[in-house]
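One structure is given here, and the rest of the page talks about it.
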Amino acid sequence: VVIERLTRTDPDGSPIKTRGAMVHHWIGTAFIPGATMQQVVALVQDYNHHYKTYQPEVERSQLISRNGNNFQIYLRYRKKKIITVVLNTYHDVHYVMVDSDHAHCRSYTTKVREVEDAGTPKEHERPSDDQYGFMWSMNTYWRFEDRKGGVYLQCEAITLTRSIPVALRWLIEPYITSFPRESLTETMNQTRYSLATSSSPAQP
């Protein structure tokens, strides 16, 4: 698995700035030997079981609805570093099956809510106007290519978070800046592991 950070610039070459926010742009690429396109797409589309494939970061997952290649899904993320953050996220996902060897999809968050007192009787979502900004939105773009001997898999993730106030930088910055890369790395590794395991030949 290869993970790289991407930087977008204005036409004059200067970094794009977002007032009061930070943009985290990462891309991961992996090759899964022995896997097929059908296996890869089936795993990624199995949203009801993402909480098993991508645990412990994905704590809950659910397919809300499907219409052809369009999916509405729910994922609960739990991330623990200096502090523990729990997020309820809702996504709109669309797949394009280009041909037997190529496919891609895009996923946009339609709602992101931070969860207070998760797992207790007091659990509740923070109001939209009272969020810490650990994640405001996330776009992901998956690309699949079937090659002889396996499948190339690529995931590009763009996450928008709140900029860090100076007074809280010591507490929040390690989480805010590391979460997008760590999340993508875990996603790619767990996807590759699940596919490599399922496509391995049975032992006699």
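Some notes on this structure:
- Candidates in the range 35-47 are the residues that are open to solvent by 20 Å² or more (accessible area, probe 1.4 Å) and within 15 Å of the chain's Cα centre (by Cα); of these, the one that is farthest from ALA103 (Cα to Cα) is ASP46.
- Looking only at the range 60-112, residues that are among the hydroxyl-bearing types (Ser, Thr, Tyr) and surrounded by 13 or more Cβ atoms within 10 Å (Cβ to Cβ) come to 9 in all.
- A residue that is not acidic (Asp, Glu) and not in a strand (DSSP E or B) cannot be found anywhere in the range 21-33.
- Residue among THR18, THR7 that alone is modelled with pLDDT under 95, open to solvent by 80 Å² or more (accessible area, probe 1.4 Å), among the hydroxyl-bearing types (Ser, Thr, Tyr) and not in a strand (DSSP E or B): THR7
- Among the residues examined, ARG162 qualifies as under 23 Å from HIS25 (Cα atoms) and either exposed (fewer than 15 other Cβ atoms within 10 Å of the Cβ) or among the basic types (Lys, Arg) (or both).
The values are calculated or read from the model by the stated rules, or taken from the named source; none is laboratory data. Treat the numbers as computed from the prediction; the structure is a model and nothing was measured. No Cβ is skipped: glycine too gets one built from the backbone with ideal geometry, and neighbour counts run over all protein chains shown. Surface accessibility is based on the protein's heavy atoms, side chains included, excluding ligands, DNA and RNA. Shrake-Rupley method; radii C 1.70, N 1.55, O 1.52, S 1.80 Å.
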